[in-house]
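Every number here is computed from the coordinates shown, using simple stated rules; none is lab data. In this text the structure is predicted, and so the values were computed from the model without any measurement. Here the Cβ positions follow ideal geometry from the backbone for every residue, glycine too, while neighbour counts run over all protein chains shown.
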Amino acid sequence: MIFTTGVFALFFALVLPLYWVLPPRARKYLLIVAGMVFYAYYYVPYLVVVLVMTILTYIAALAILKARDGAGSSKGRARVWLFVGVAASVLVLGYFKYWKMLVSTWNELASRIHMGHPAPVPDILVPMAISFFTFEFIHFVSDVYLGKIDRETVKVPDFALFIFFFPTLVSGPIKRYQGFQKQSQSMPEFALDNLLGGGKRVILGLAQKFILADTIGRFAAPLAAPEAWSAQMLAFAAYAYAFKIYFDFAGYSDMAIGLAQMLGFKVPENFDRPYFQPNIAQFWRHWHMSLSSWIRDYLYIPLGGSRLGFARTLANLIAAFAICGLWHGAAWNFVAWGLWHGFGMVGHRIWHRYLGQRLARFGTPVHFLNVFLTFNFVVAGWVLFASPSLSAAALTYAKLAGACARLIGL
């Protein structure tokens, strides 16, 4: 079920009034059931997959808590259950989202070196929002292991609502259990300001989606077939795509935040003027903020973060963003997009370490130049994200480079 469909409008029109007339405890269970109905509308059998993952993650969390209370080898048992919880989520995500990509890649490599017969490519329907589920499962079991989630807050109804809270099911924002459980424990009270404010946020999101993203998105079409378009049109398409994806994703986030607010819940903000940031690090602190903080806490820091020396810090940035790219889509152009930003972060770290502080005294002019350069770096990266393949992206870059060379007389 998608927010911009008539069936969701009917669904929410039925859920919202019923939600507010029920007592708090009943409202919690209504939202859990509503979330399951919301998800099952997409494809009923995959609701079972998510339920099994939910149960396994919860069992792993309980086992970690029990092991922490023990003695001797209890820490080792806690690590085992952490591994089970994380591995189960990663394996499920890997099968449904990436197995087809791996088989196709193997077949292409095998054909190039004339080795054997191609393996059958599986026809796998990817469960809706499986990536967002995975991130929230990993967050939960990891924070239980790290002691960031208190034992008394680990309750079945609160965890089930955390997972099946339908406003954030489709495209986030990615929640943290601690903040969400504080709200779900007693359930929010009705407030007219929340209802009206949330409604305004939903309308803003719909406007961004239908008026801006869908309109601007038509001008981004050349990136899908660069062989048929000139360099000028491809450059225009890249800029159009930058605004299309922003208004599309920010619009869905606004709708999710607004729907949650109408139900009395506050979920994380996701965008804060990302295209006005003076460097790529600041861009990622303001673009898809719930994802950026997840990457920092559950990929970059566990890899070693910045604790193991400058060279290792740079390697960790590249690895974290490569995984971030793969998370966005099961194709190598998404990995390349992640690497683009990973190397961008590396360049920013090196620049900041050796030159950045020296230029700070120039103030506003340098700030505006940095914003301009950062924005165009991000736009250039969107070519990889929007293209149907690496070869299509390479053709776009080649045409753009050729046009630039002619412009400066090379």
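Sort 383-391, 4-12, 142-150 by the packing proxy (mean of other Cβ within 10 Å over each peptide's residues), most packed first.
383-391, 142-150, 4-12
Could you work out the local net charge near GLU269, counting Lys and Arg as +1, Asp and Glu as -1, over the other residues with Cβ closer than 14 Å to its Cβ?
My count for the surroundings of GLU269 gives +4.
With a sphere of radius 11 Å drawn around the Cβ of GLU136, what net charge do the other residues whose Cβ falls strictly inside it have (Lys, Arg +1; Asp, Glu -1)?
So the surrounding residues net to +1.
Got a sec? Which residues in the stretch 134-170 would a label at SER74 touch, if it sits 7 Å along Cα→Cβ and we count backbone N under 20 Å?
Under cut-off, by backbone N: 141-155.
List the residues whose amide H sits under 5 Å from the amide H of MET187, counting only those 5 or more places along or on another chain, with H placed 1.01 Å from N in the peptide plane.
none
Just order 239-249, 306-316, 219-229 by mean Cβ neighbour count inside 10 Å, highest at the front, would you?
Put in order of decreasing packing, that is 239-249, 219-229, 306-316.
I want the local charge near TRP287. Using Cβ-Cβ distances under 11 Å, sum +1 for each Lys or Arg and -1 for each Asp or Glu among the other residues.
Residues near TRP287 contribute +1 overall.
Modelling each spin label as a point 7 Å along the Cα-to-Cβ direction, I'd like the PHE236/ALA405 distance in nm, to one decimal.
With each label placed 7 Å out from Cα toward Cβ, I get 2.5 nm.
Along Cα→Cβ, 7 Å out, is where each label goes; now give me the distance between the ones at LYS66 and ILE323 in nm to one decimal.
Placing both labels 7 Å along Cα→Cβ, they lie 2.8 nm apart.
Using just the helices of the chain, give the 222 nm mean residue ellipticity in deg cm²/dmol: DSSP H runs with n ≥ 4 each add -39,500 (n - 2.57), and the total is spread over all residues, rounded to 500.
When only DSSP H runs of four or more count, the value is -22000 deg cm²/dmol.
Quick one: dipole size for the stretch 6-193, taken about the Cα centre, charges +1 on Lys/Arg Cβ and -1 on Asp/Glu Cβ, in debye to the nearest 20.
Roughly 480 debye, rounded to the nearest 20.
Which ³J(HN,Hα) values, rounded to whole Hz and listed in residue order, are derived for the stretch 284-294 from phi using the Karplus coefficients 6.51, -1.76 and 1.60 in 6.51 cos²θ - 1.76 cosθ + 1.60 with θ = phi - 60°, glycine and proline given as x?
Ordered by residue, 3J(HN,Hα) equals 6, 7, 10, 10, 6, 4, 5, 6, 4, 5, 5 Hz.
Select one label from (i) 37, 27, 24; (ii) 41, 21, 18; (iii) 46, 21, 19: the one whose number is semi-axes √(5λ) of the Cα gyration tensor in Å as derived from the coordinates shown.
Answer label, from the structure shown: (i).
Which of the helices in the chain, when you take each full DSSP H run, stretch at least 18 Å along the axis at their Cα atoms and have an average Kyte-Doolittle score of 1.6 or higher?
Sorted by number, the helices that extend far enough and score high enough are 6-21, 44-69.
Under a cut-off of 13 Å between alpha-carbon atoms, report the aspartates and glutamates in cross-link reach of LYS66, not counting same-chain residues fewer than 8 places apart.
Reachable aspartates and glutamates: ASP150, GLU152.
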